[in-house]
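The values are calculated or read from the model by the stated rules, or taken from the named source; none is laboratory data. What you see is a predicted model; the values in this text were computed from it and never measured. Note: ideal-geometry Cβ built from the backbone for every residue, glycine included; neighbour counts use all protein chains shown. Note: accessible area is taken over every heavy atom of the protein model, side chains too, but ligands, DNA and RNA are not part of it. Shrake-Rupley method; radii C 1.70, N 1.55, O 1.52, S 1.80 Å.
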Amino acid sequence: MVRMIDGGPHLLLSASFPHFSSSKCLPASRPRWPRLLNLNILPGASNLLIRMEESRGTIRQRHMNATATATATATATATADADASLELMGIKSNLDRNSFSNLSMLGMAFSIVNTWCAIGTTVNASLPSGGPSSAVWGIVIAGIFNLCCGVSLAEFLSAYPTAGGQYHWAAVASWKSTRRAISYITGWINLAAWVCLAAANCLLVSGIVMSYAELMYPAFQQKPWQRFLLYIAVDVMALSYNLLANRYLSHLNKYNMFFTLAGFVISIVTILACAAPNFQSAHAFSVTAYDSTIHMIEEMPNPTRQGPKLIIYAIVMAVITGFGYIAAVLAVIHDVPSAISASQPLLEIYYQATQNKAGSICLMLFPLLSFVLCAIDDMATSARIAYALARDGGMPFNRHFEHISPNFGVPVAGLFWCFTWDIVLGLIFLGSNNAFNAIISAAVVCFTITYAIPPGINMLRGRRMLPENRSFKLPSTIGYICNAAGVAWALLTTVLFVWPTINPTNAVNMNYCVVAFGVIIVIAGSNWIMGAHRSYRPPALELIHNHRTVLVGVDELTEKATNTETKQHDQIQVD
């Protein structure tokens with residue numbers, strides 16, 4: 001029975017059990033149930049219990065609604081703060097703030113970094129340079145240093161969430177006299193890095209397809225023009241998707257992340273199972289391009305808090321998958337010279353492990369499709385950088401590059417800019433087999449340089465160029481260590497990737513990375529001379545430190561300083 005005792009409902013148990021008295025009352029909220037129980041509920045009590053249950057459900061629903069409302073309010077507030085930061089920098093974004101969710105942005109960052117796919121398809125470059133040990137532990141070392149670069153950039157992103165990314169931050173951190181020059185060249189180097197990365201992915205796809213033909217038909221000899229046509233086809237595919245299906249890009253990124261992770265697991269399990277127990281003892285620096293989140297940041301909500309996390313997550317995921325994958329791949333190699341000399345080393349390694357051509361081709365579908373999707377993301381990112389540069393007057397024909405098409409919802413001129421330069425880079429490949437390594441090396445060098453410039457300048461200026469109230473802040477000592485490690489890593493990789501790999505060097509075996517980097521500087525310098533030196537106006541902010549940190553525009557700061565000096569002068573005259 002149910003009785004009201006002490007203001008609450010209780011169950012009156014009527015049963016003949018040794019440990020229950022005939023009238024023992026227990027709270028309804030936590031009854032002690034015996035093995036056999038007879039409950040006689042009084043008329044009307046059932047309605048009371050139903051009303052109580054409905055009341056609990058209403059309270060839970062209200063709590064859930066309140067939690068959702070609070071989350072939405074916090075997100076809206078953070079988004080408003082991010083938009084306010086852009087306005088303070090003199091930036092008005094025409095991009096859709098809600099184009100990408102956190103998951104889709106993480107998918108984009110992880111898929112572009114794509115360490116395990118990149119390592120496998122370029123393992124013939126790392127093995128001759130230092131053997132299996134360098135290939136395995138190089139990932140760990142690269143991961144640690146790139147994580148230092150990543151957290152350094154995350155600090156800037158939490159304060160200034162702009163699509164310009166590194167070049168905007170270089171402008172904010174630099175000295176007034178060098179602000180325009182440093183930010184301008186940083187922006188152009190970063191743009192070139194993404195164009196080169198898009199070209200590299202197109203080349204990787206074309207190389208995988210050609211290696212299929214070589215595996216199935218050993219007498220087949222691929223021609224440069226055949227690979228070039230495949231290269232063009234992938235480039236056209238990337239351009240078409242960005243123009244015609246941009247609204248689905250966020251969904252594509254989610255798919256690509258799960259597809260890449262699934263391919264990682266399936267590939268490792270398959271090659272280890274097929275090669276067992278004949279494993280080999282495993283007595284490249286390929287963790288880069290994680291700044292895609294930065295350049296797409298104006299298209300996601302709550303960027304100041306979620307953006308830094310996504311950068312760190314992408315790097316950690318890339319290092320874990322890359323380390324596990326290269327260790328597994330090196331364990332199943334039986335003929336290292338054949339893998340090194342093959343046009344596509346990963347396909348050769350898969351065939352050595354499985355001894356099955358069809359199975360090897362199926363496993364290569366994972367990096368093949370992943371690189372196609374990466375080419376789409378690379379082009380999208382490069383278009384956003386060109387858009388941001390044009391918005392600040394740093395591109396030729398700025399009016400066209402900063403225009404967001406109402407029909408496509410993207411900066412169309414930036415997409416065609418990347419597409420055109422990728423075609424030019426493909427033509428270079430027709431004339432030299434070393435063009436592929438030069439393009440890859442140039443992309444890595446450009447990325448690492450832009451990762452080091454803003455944190456390096458901030459470190460030289462006592463780490464005082466970021467607001468104290470940013471959402472992501474490293475402790476002072478750790479911040480200095482990470483900033484210094486990022487700069488050191490940029491210097492090391494720049495030297496390594498431009499250094500000749502063969503001695504003596506001639507026109508055939510020369511490392512053309514330095515030539516590619518020089519061409520980038522020449523193009524950027526020519527654009528500066530032809531008009532950017534007049535039109536380029538990067539964001540300029542100063543920090544005022546008092547009881548709290550606030551951002552003040554340069555003009556406003558100058559006006560305040562002038563007013564302060566005038567007041568002090570008047571006060572002196574009065575005295």
Within the range 342-374, how many residues are in a helix (DSSP H, G or I) and closer than 16 Å to I266 by Cβ?
19
Taking interchain pairs and intrachain pairs at least six residues apart, which have beta carbon atoms under 9 angstrom, with the first residue in the range 459-476 and more than 14 Å from S158 (Cβ to Cβ) and the second open to solvent by 70 Å² or more (accessible area, probe 1.4 Å) and hydrophobic (A, V, I, L, M, F, W, C)?
R461/W175
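Results for (1) hydroxyl-bearing (S, T, Y); (2) assigned to a loop (DSSP other than H, G, I, E, B); (3) within 28 Å of S250 (Cα to Cα), shown as yes or no for each residue.
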site	(1), (2), (3)
M379	no, no, yes
S382	yes, no, yes
T420	yes, no, yes
N437	no, no, no
Restricted to the range 321-353 and to residues being closer than 24 Å to Q222 by Cα and of a type in the set (S, T, N, Q), the residue most open to solvent (accessible area, probe 1.4 Å) is S341
In the range 299-315, how many residues are open to solvent by 50 Å² or more (accessible area, probe 1.4 Å) and over 11 Å from the mean Cα position of the chain (by Cα)?
1
Run F397 past the list (1) within 21 Å of T293 (Cα to Cα); (2) open to solvent by 40 Å² or more (accessible area, probe 1.4 Å) and report the number of the one that doesn't hold.
(1)
Only unsatisfied item for G518, checking (1) at pLDDT 80 or above; (2) more than 20 Å from A388 (Cβ to Cβ); (3) assigned to a loop (DSSP other than H, G, I, E, B), is (3)
Kindly list the number of the only condition in (1) modelled with pLDDT of 90 or more; (2) more than 21 Å from G164 (Cβ to Cβ); (3) under 19 Å from the mean Cα position of the chain (by Cα) that fails for T450.
(2)
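For (1) at pLDDT 70 or above; (2) exposed (fewer than 15 other Cβ atoms within 10 Å of the Cβ); (3) farther than 20 Å from I449 by Cβ; (4) in contact with a Cys (Cβ under 7 Å, 6 or more places away or on another chain), each residue gets a yes or a no:
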{"site": "V498", "(1), (2), (3), (4)": "yes, no, no, yes"}
{"site": "T505", "(1), (2), (3), (4)": "yes, yes, yes, no"}
{"site": "I529", "(1), (2), (3), (4)": "yes, yes, yes, no"}
{"site": "N546", "(1), (2), (3), (4)": "no, yes, yes, no"}
{"site": "V554", "(1), (2), (3), (4)": "no, yes, yes, no"}
{"site": "Q568", "(1), (2), (3), (4)": "no, yes, yes, no"}
Set R384, R391: member being basic (K, R) and open to solvent by less than 10 Å² (accessible area, probe 1.4 Å):
R384
Lone qualifier among A200, A213, A233, A192 - being open to solvent by less than 10 Å² (accessible area, probe 1.4 Å) and part of a helix (DSSP H, G or I)
A200
Looking only at the range 218-266, how many residues end up being among the small types (G, A, S), under 22 Å from the mean Cα position of the chain (by Cα) and modelled with pLDDT under 90?
4
Any idea which residue in the range 454-486 is nearest to Y512 (Cα to Cα), counting only those that are assigned to a helix (DSSP H, G or I) and open to solvent by 40 Å² or more (accessible area, probe 1.4 Å)?
A484
